[in-house]
Amino acid sequence: MGITYRYNAVDNIVETVGKGTLTFNEIVTYLHAVIQDKTIKPGFIELLNLEAIDNFIVEYRQLRPFIVLWQQYLEKGSFGTIIYAPNDVSYGICRMVQTFIDTSPGNQTEDFFVVRTKQERDKELRQLQERNANSDK
């Protein structure tokens, strides 16, 4: 099914939804689209909903080139990412990616959260929005 996003310019949030089986190529295509989307302003927060994901087709060897793309994504002006991944498969894959990014030289995921509940998602979103608002002052 894939991954789609819409940009909420008022709150500066990229709202993303994944459905069905998600492939590595679909993830790459999505990140390229966000990077190239000129309507998205720096300081945006990415909010991913992976509630409807059934499966991932991602191989560990594909993650190394992902790091270069992640750097471009950060340079676009991402302030933070919150991934709502309530099922075990989504949560496990996202934590693996987070760990891979954390252990790659020159990368960080300080504002990269993988959560299982909507309450955690909403809490992290509020905190990111507060920090983002304070960083503009």
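Observations, loosely collected:
- Simple label model, 7 Å out from Cα along Cβ direction - residue 35 to residue 71, nm: 1.1 nm
- Among (i) 8.7; (ii) 7.8; (iii) 8.2, the entry that matches mean projected area of the Cα convex hull in nm² as calculated here: (ii)
- In this simple spin-label model, placing a label point 7 Å from the Cα along the Cα-to-Cβ direction at both residue 102 and residue 87 gives a separation of 2.5 nm.
- Amide H contacts of residue 51 (H built 1.01 Å from N, in plane; Pro and chain starts excluded): 18 sit under 5 Å, all sequence-distant by 5 or more or on other chains.
- Mean separation of Cα contacts under 8 Å (6+ apart) over length of the chain, as relative contact order %: 22 percent
- Positive-pole candidate from 133, 119, 60, dipole of the chain, charges at beta carbon: 133
- Backbone N atoms of the range 31-61 closer than 11 Å to the 7 Å Cα→Cβ label point of residue 21 belong to residues 54-58.
None of the figures in this text is laboratory data; all of them are computed from the coordinates on show. Please read all numbers here as calculations on a predicted model, not as lab measurements. For neighbour counting, all protein chains shown are included, and Cβ atoms are generated from backbone atoms with ideal geometry for every residue, glycine included.
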